[in-house]
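Below is one structure, written out as structure tokens, with a few remarks after it.
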Amino acid sequence: MPACGTGAKGEEAVTLLTAAECRDKAEQKMVEAANNPALRQGLIETAKAWLELADKIEQAEALEAQAKGK
């Protein structure tokens, strides 16, 4: 579901992340958490949020594929 969109004049283009990219970001945060005890809990929560976003993206992609198949 990677896509770029352009908005009205003066708005920036937006690039959407893929589920795989979100999972990569989650993995990076877990590595950071392992190496930074002071920030561990916050980094773990951030990693969980990236994983949740990846799941939502996959669900949206599945719905989009299903809609196109009808």
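Every read-out reported here was derived from the displayed coordinates using simple, explicitly stated rules and does not represent laboratory data. Keep in mind that what you see is a predicted model, and the values were worked out from it rather than measured. Using ideal geometry, Cβ is built from the backbone for each residue, glycine included, and neighbour counts are taken over all protein chains shown.
Of the residues Thr18, Leu39, Ala67, the one whose Cα sits farthest toward the positive end of the charge dipole of region 18-69, with +1 on the Cβ of Lys and Arg and -1 on the Cβ of Asp and Glu, is Leu39. Local charge for Trp50 was computed over the other residues whose Cβ lies under 14 Å away, with Lys and Arg +1 and Asp and Glu -1, and equals -3.
Look at the alpha carbon pairs under 8 Å that are at least 6 residues apart: their mean separation over the length of the chain gives a relative contact order of 28 percent.
Spin-label model, Gln28 to Ala62: label points 7 Å out along the Cα-to-beta-carbon direction sit 2.7 nm apart. Here's the list of lysines a cross-link from Lys68 could span, going by alpha-carbon distance under 25 Å and ignoring same-chain residues fewer than 8 apart: Lys56. Counting only alpha carbon atoms, the long axis of helix 19-35 and the longest principal axis of the chain meet at about 10°.
For every helix of n ≥ 4 consecutive DSSP H residues, a contribution of -39,500 (n - 2.57) applies; sum these over the chain, divide by its total residues, and give [θ] at 222 nm rounded to the nearest 500 deg cm²/dmol.
Details: 2 runs with 47 residues, N = 70.
Dividing the helical sum by the residues of the chain leaves -23500 deg cm²/dmol.
Using only side-chain charges placed at the Cβ, +1 for Lys and Arg and -1 for Asp and Glu, the dipole size of the chain relative to its Cα centre rounds to 80 debye. Radius of gyration over Kirkwood radius for the chain, both on Cα atoms: the Rg/Rh ratio is 1.14.
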